[in-house]
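Participant: Questions regarding the structure given below will be posed in turn.
The values are calculated or read from the model by the stated rules, or taken from the named source; none is laboratory data. Keep in mind that this is a model prediction, so the values were computed, not measured. Heads up, the Cβs are rebuilt from the backbone with ideal geometry, glycines too, and the neighbour counts pull from every protein chain shown. Accessible surface areas use protein heavy atoms only, side chains included; no ligands, DNA or RNA. Shrake-Rupley method; radii C 1.70, N 1.55, O 1.52, S 1.80 Å.
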Amino acid sequence: MSRLLPLITSSDVAVRDQSLDAVCAHLSAADLLAEAAALDAFRRASDNLYARVRALLFLHAIHRFHLPVRLATHTTTAAIPFSGYENLLQRRFEEAIDVFLTSQQTAGPSDAISSALAAAYHRLAFQTLADQVRRSVRSVRGNQWMFRMGHPADHPLRIRPELLERDSASGTYPILRERTPVRMDLTHCGWSDIFFLGMDYPEGAKVLNVSIDLAVYGGDAAPRPPVEASFRVIDEPVLRLTSVDLGCTAEISSLNEVFDFAKDYLGLLKAAVIASGLVPPGIEGSGQSLGDLLAEVVGPGRGIELVSNVNNIPKGSRLAVSTNLLAALISACMRATNQARSLTGGLAESERRIVLARALLGEWLGGSGGGWQDSGGVWPGIKLIEGALAMEGDPEFGISRGRLMPSHRLLDVNEVPVAARKRLQDSLVLVHGGMAQNVGPILEMVTEKYLLRCDKEWQARQQTHGILQRILEALKTGDIQALGAATSENFQQPIQTIIPWASNLYTETLITKVRAEFGADFWGFWMLGGMAGGGMGFIFAPQRMHEGRRRLLEIMTETKRTLECALPFAMAPVVYDFSINERGTWSDLLVGAEALMPAGYYSLSIPPLLRLPRNQLAAHHLTELNHFAVACRSHPHLSGAVEALFDSILPGGPVESANEESLALLLDEFGFDPETHEQIRADLKVGRLGLAQNRLPANAVIEDVLAGDLFDATQPASLPASLHQIGLNALCAGEVAVVTLAAGAGSRWTQGAGVVKALHPFCKLGGRHRSFIETHLAKSRQLNRLVGTPLPHVFTTSYFSHAATERFLADHGNYGYQGPLLLSVGKSIGLRLIPTVRDLRFAWEEMPQQMLDVQQQKVRDSLRSALLQWAQTHGEAGDYTANLAAQCLHPVGHWYEIPNLLRNGTLAKLLEQRPQLQHLVMHNIDTVGMTVDPALLGQHIASGAGLTFEVITRRLEDRGGGLARVDGRLRLVEGLAMPREQDEFNLSYYNSNTCWIHIDQLLATFKLSRADLNDLEKVNRAIRKVAARMPTYITLKEVKKRWGRGQEDVFPVCQFEKLWVDMSSHSGLDTRYIAVPRARGQQLKDQAQLDGWLRDGSAAHLESLCEWT
Amino acid sequence: MKIRKAIITAAGKNQRALPLQMLVDRDGVPKSALTILAEEITGAGIEEIAVIISPGTEKSYMASAGPYAREMQFIVQPKPLGYGHAIHCAAEFTGNEGFLLMMGDHLHISQTGKSCAQQLIETARSGNCAVSAVQATHERMLPYYGCVGGHRVPGHERLYEVEAVIEKPTPTEAEQKLVVPGLRAGRYLCFFGLHVLTPAIMKILGRHLAAPPVAGNTGLSSALAELLLSERYLAHELEGSRHDIGQRYGLLNAQLALALIGKDRDEVLTQLIELLAQSKA
């Protein structure tokens, strides 16, 4: 009898709401395997969507958190079948699960197979949920017909006649202008606006959503609706789309282009055109003509122009700007085609709901996704948005408990009096902190924890309901101080209990500073949206609100300055003026002289017309030019438009040249080698170097290690005490130093945002946020107390991280570290190159790729074809310089880090201070569980090895090479060098990149002695000689280019690297290997790993190794 | 409900000459469309017919009415103020009686022994309420027709209790308000150009016409939407086809449909096949 199935199937809520973790805590490995088998059989047979999803997430949790702990007591190495991995990449999750289960049955349970099963169950669960949401979006009444329409002759929409009436004086068509507020969310009740939650737990899905107008404090005059859409008929059979805020315009003449979302910055407008039914989704791929379709809707020879504009609001504001812009665009298109009863003014409730449904559809089409409250700006004022139970007749009935679309209840002035609304506006300061954020992983974590009913999180979720009631009550009575207390409590307690990563050091520093300065007049903090750091609210006593607004801008700016090297910021902080919008989305018909587009539009549309000779201008072009000419002389709306037009025509330049100068300086300062650079460029161009050339020869035989190839230290308790003693003696004698590789930008950690990963305050440990550097020092501090001799600690740095690391350590007094602490500054640097099309194609077409969900994959394919075009037009293997200088440079791989110690005098200095120094232990900044373990040091010393690499048993996520026998010879092989992808899957051990180094043996390899370290020329020669024997890998890295207001583009750029693992194949060095426990060797590469890392006990293990100051 | 009277509307701007078009009926006899309509109406037991016409067309209508001129009276709609107004011009004619309403540019061809008008009148009599003839129509045609939503009357396969009426709905609105269980996806019950209405409709139309003009409030559909709030109102999916002779090739289609159910079927089919054989692709 299964003990877990009742948690899914019981009709008793108390049983169903039990925590999975609590029940699993008492089960043995055998019990868990039996439960897993029962759950797997159940989910295959069940026809209930949410029962299936819960079973899948239970299975994920068992394999990710519960089984590994029980299996850790005996080391089992088992290969993960490559065919299962391939199925995972192809999103054939069911087949992947079958392959992994078969392997588990034949080879027995193992940590490796459990990791693969955990991943497969997790992805299948979320795929199932996403599929259901999409099905629901399609099946919403009012959306269905658009998927049936496949031919222009079937198009049932017609343009409203008012939009076809030209003005007799100016000859212009009228413009339909839709203006929409954005929304702020007073409490999201624990992210309860996630669709999955609303559809399974409608009773718990509640938000207080307020429509607001905005102005940038100190910039704009008065708050106004931040987003607007303009629609008009044009005399060309094309779709002309313009995004004024993104400075992008395109004339689309084929249906395929409409569905090409990532080709340019017009994806949102295209999604609106499709979701509004103008170009219904059903016509995609039909091969029909856009001209024919427009002829049906607008008339022969005519087309449509759609323009979007965002008034100075940055991306990532957590005010749902893009969703409300999408809603505004959809609304305008719907009104124009008779799908709303009124052409102007507000919308009826049923129309708002269909705009919401269409916005959901548009977000799905564009491959993005928001919460169900995000289109809240379409509604007026303050509203309570709640999940709704699916009833008979709803498309969701019988499938999910809740409906896809929530219900909106407007709180009128009887419920929230005018005075209370004013008080809220008089106390609340809305800001954008400037941080770039990726909320996606957080939303998955929330869903998972909800479905698992994790104990603390479930309690916290219940707590949010009470807080919402308090906020509602405070609003009704106008008690803003109570409201501030409630939003603060919400942030400090339930929100962070559910997701600790919702907060960060930046936010907490701001709160602390504001509290210190304003004391009792600071009434509360409030997190907007998915996580803090971007959109936030600070509530002040009204008499100090203005001061608060002014000071917050200063406090944020100054705090950002101190933290911007450690945390990803997308833009300068902004403070807003805001007012509650009591109308919701609103439309006007602009006729005659008033028929003007947003002012910025003309800087985009007029210059191309001015470049044409007059005789090539069509009549409608002349009409447009005349209209503009008259309006910019007389209409206040276009004051300043002429200057803006000139700016757009005349060349600028000082910014670019400044960037070039700083790039040249950095290259010079950090040891750029132009000769090598040109050689690499030439090799790339002719194909001597490239992703395909990274690989070992195809005939290389890659085999797994044999018994006896490595020392097993996975069970620390069973290691001989003698080894521990040897290590301890060496430590006491001061024979060891730590070298932490801290030069990197953590590309995966912040998706190429360019922060110093070592300084990133990644987790709250010991009661507050700690950076990687502080954590490593805390571990060494504990060891120092144990052995009595302070451990020298070296952090390697680069052009990019040196100054910031130096400043951080100085600001924090070396985090109180008593031992020697040195920075080893990088002396090698590379300049990134535009990748070759060959390498891009290899990376995207030849290498195994995680396929995305259908619509997201379409968007990705479209983006990739745009990037291929970019590489071609900007010159393959050309220098990448079109970004901030620091984003154009790259570190040249960690092989150089140890030679840098020789080159920059750090080793010489260490040896001078500690002549007895014999060993270095080098490790990655993100190998947080690593310590200078006496027993492992003892093993390294006892073996007499020159290098001892630490490896861990492989899990599915451990990609990038491993320990192998290559043509019979034991060595570490980098993932890039694997001749075939599947070779890696036969390897049991993964390289943790922690390496113990015998100093003198290493120097001997370089043909150097300790005395030679003062001869820089000799050192350089020696390094160059060994470097020449190390393979050069070409890699593609993603870098962000920031522009506009918080906009970011990600480009794949090419760089080269030499890697330390290749020292394992150096013939002159005695290299050994130790298998260590996972908690010691695992690396934190991705922020999405953090939650699992916290839950599986790794964080607690780390805490036990640290001594904080 | 007693139904003795019928109204044929023929005053529309593009509609005026259509009832005067000549066709060959199923018996091979050339007749005007107006005569064919009158035949159907009188065959269904109607005693009096009013034809709503535009000014100056009375003579030609009279000439085209053939043997039915006696049962007909011609009412002039002085100004083209919409379909609702045209119907209301016959308010005096219908008085306090129910009536059959037909459009002068629509011909109906029944697939049973009973004409379409007869089928509809029988339904109205047995239900004692207003009934509109409807046809399941693909959503691409929605911009052209009034449309009803509702549910099937239990035990009657082709009869619907009407719950909503919207003139020329968008598919978005139709999907939200006019979906009828049992119909194929993307199909809606659109008007067939044939109604049996109660006297209440004239009162509603009168009220609408007297009120300040509101968009979408001058047609029959808005009056029917109001009617169903106070009276039972049914829709009948007739066993027959509707032919709008005002559409492109509409007259040709109607003629072919008539011929293919008539005595000259073989002859017409033969001619069609010959035409096909001779025509080049």
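Participant: Out of the residues in segment A:144-173 meeting the condition of being more than 14 Å from chain B (Cβ to nearest Cβ) and assigned to a helix (DSSP H, G or I), tell me which one is nearest to the chain's Cα centre (by Cα).
Facilitator: Within segment A:144-173, the match that is nearest to the chain's Cα centre (by Cα) is A:LEU163.
Participant: Now for a separate question. So is A:SER114 part of a helix (DSSP H, G or I), in contact (Cβ under 8 Å) with a residue 40 or more places away in the chain and more than 14 Å from chain B (Cβ to nearest Cβ) or not?
Facilitator: So A:SER114 passes the test.
Participant: Which ones in segment B:107-129 are farther than 19 Å from B:GLU40 by Cα and either within 14 Å of another protein chain (Cβ to nearest Cβ) or not hydroxyl-bearing (Ser, Thr, Tyr) (or both)?
Facilitator: Across segment B:107-129, the qualifying residues are B:GLY127, B:ASN128, B:CYS129.
Participant: I need the full set of residues from segment B:157-197 which are in contact (Cβ under 8 Å) with a residue 60 or more places away in the chain and open to solvent by less than 10 Å² (accessible area, probe 1.4 Å), in order please.
Facilitator: Within segment B:157-197, B:TYR160, B:PHE192, B:GLY193, B:LEU194, B:HIS195, B:VAL196, B:LEU197 qualify.
Participant: Could you look through segment B:130-145, keep only residues that are among the polar types (S, T, N, Q) and within 15 Å of B:VAL179 (Cα to Cα), and pick out the one that is nearest to the other protein chains (Cβ to nearest Cβ)?
Facilitator: Looking at residues that are among the polar types (S, T, N, Q) and within 15 Å of B:VAL179 (Cα to Cα), I get B:THR137.
Participant: Out of segment B:181-208, which residues are of a type in the set (A, V, I, L, M) and within 14 Å of chain A (Cβ to nearest Cβ)?
Facilitator: Selection gives B:LEU183, B:ALA185.
Participant: Just to be sure I understand, how many residues within segment A:343-356 are small (Gly, Ala, Ser) and either facing another protein chain (nearest Cβ under 9 Å) or crowded, with 24+ Cβ neighbours inside 10 Å (or both)?
Facilitator: Result for segment A:343-356: 1.
Participant: On to the next question. Which one is most open to solvent (accessible area, probe 1.4 Å) among residues in segment A:392-415 that are part of a loop (DSSP other than H, G, I, E, B) and modelled with pLDDT of 90 or more?
Facilitator: So, considering only residues that are part of a loop (DSSP other than H, G, I, E, B) and modelled with pLDDT of 90 or more, the one most open to solvent (accessible area, probe 1.4 Å) is A:ASN414.
Participant: Run down A:ARG123, A:ARG141, A:ARG64 and say which single residue is out of contact with any Ser or Thr (no Cβ under 7 Å at 6 or more places or on another chain), in contact (Cβ under 8 Å) with a residue 40 or more places away in the chain, open to solvent by 30 Å² or more (accessible area, probe 1.4 Å) and more than 14 Å from chain B (Cβ to nearest Cβ).
Facilitator: A:ARG64
Participant: Can you confirm whether segment B:239-248 contains a residue that is without any contact (Cβ under 8 Å) to a residue 40 or more places away in the chain and either under 17 Å from the mean Cα position of the chain (by Cα) or closer than 28 Å to B:LYS31 by Cβ (or both)?
Facilitator: Within segment B:239-248 (the criterion being without any contact (Cβ under 8 Å) to a residue 40 or more places away in the chain and either under 17 Å from the mean Cα position of the chain (by Cα) or closer than 28 Å to B:LYS31 by Cβ (or both)), the answer is yes, since at least one residue qualifies.
Participant: Then there is this: Inspect segment A:1034-1053 for any residue being at pLDDT 90 or above, open to solvent by 30 Å² or more (accessible area, probe 1.4 Å) and more than 28 Å from A:TRP749 (Cα to Cα) and give the result as yes or no.
Facilitator: No, the conditions are met nowhere in segment A:1034-1053.
Participant: Please list, ordered by residue number, the helices (runs of 4 or more DSSP H) wholly in segment A:219-309 having 2 or more residues that are buried (at least 24 other Cβ atoms within 10 Å of the Cβ).
Facilitator: Result: A:267-275, A:290-297.
Participant: Can you find a residue that is within 20 Å of A:GLY190 (Cα to Cα), among the basic types (Lys, Arg), surrounded by fewer than 18 Cβ atoms within 10 Å (Cβ to Cβ) and at pLDDT below 95 anywhere in segment A:476-499?
Facilitator: So far as segment A:476-499 goes, no, none of its residues is within 20 Å of A:GLY190 (Cα to Cα), among the basic types (Lys, Arg), surrounded by fewer than 18 Cβ atoms within 10 Å (Cβ to Cβ) and at pLDDT below 95.
Participant: Taking strands (runs of 3 or more DSSP E) that fall entirely within segment B:1-78, which contain at least 2 residues that are over 18 Å from the mean Cα position of the chain (by Cα)?
Facilitator: Those strands (runs of 3 or more DSSP E) span B:22-24, B:30-32, B:72-76.
Participant: So, one more: Filter segment B:198-215 down to the residues that are closer than 21 Å to B:ALA10 by Cα and open to solvent by 40 Å² or more (accessible area, probe 1.4 Å) and list them by number.
Facilitator: B:LEU209
Participant: Applying the selection to segment B:151-180, what residues are within 14 Å of chain A (Cβ to nearest Cβ), within 24 Å of B:CYS129 (Cα to Cα) and among the small types (Gly, Ala, Ser)?
Facilitator: Within segment B:151-180, B:ALA164 is the sole residue that qualifies.
Participant: Being open to solvent by 10 Å² or more (accessible area, probe 1.4 Å) and either part of a strand (DSSP E or B) or within 14 Å of chain B (Cβ to nearest Cβ) (or both), is that true of even one residue in segment A:184-193?
Facilitator: Checked against the condition, which is being open to solvent by 10 Å² or more (accessible area, probe 1.4 Å) and either part of a strand (DSSP E or B) or within 14 Å of chain B (Cβ to nearest Cβ) (or both), segment A:184-193 yields no hits at all.
Yes/no matrix, rows are residues, columns are (1) without any contact (Cβ under 8 Å) to a residue 60 or more places away in the chain; (2) open to solvent by less than 10 Å² (accessible area, probe 1.4 Å):
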| residue | (1), (2) |
| --- | --- |
| B:GLU40 | no, no |
| B:SER60 | yes, no |
| B:ALA65 | yes, yes |
| B:GLU71 | yes, no |
| B:PRO80 | no, no |
| B:ALA86 | no, yes |
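Participant: Would you say A:MET930 is within 14 Å of A:ASN991 (Cα to Cα), part of a strand (DSSP E or B) and among the aliphatic types (A, V, I, L, M)?
Facilitator: No.
Participant: Go through segment A:718-751 residue by residue and tally those that are part of a helix (DSSP H, G or I), touching a Ser or Thr at 6+ places or on another chain (Cβ under 9 Å) and open to solvent by 30 Å² or more (accessible area, probe 1.4 Å).
Facilitator: Total meeting the criteria: 1.
Participant: Let me ask something else. When you check A:ARG302 against the structure, is it without any contact (Cβ under 8 Å) to a residue 12 or more places away in the chain and of a type outside the set (Gly, Ala, Ser), yes or no?
Facilitator: no
Participant: So B:VAL148 fits all but one of (1) more than 10 Å from chain A (Cβ to nearest Cβ); (2) open to solvent by 10 Å² or more (accessible area, probe 1.4 Å); what number is the exception?
Facilitator: Of the numbered conditions (1) more than 10 Å from chain A (Cβ to nearest Cβ); (2) open to solvent by 10 Å² or more (accessible area, probe 1.4 Å), the odd one out for B:VAL148 is (2).
Participant: Applying the selection to segment A:30-46, what residues are exposed (fewer than 15 other Cβ atoms within 10 Å of the Cβ) and within 34 Å of the chain's Cα centre (by Cα)?
Facilitator: A:ARG44
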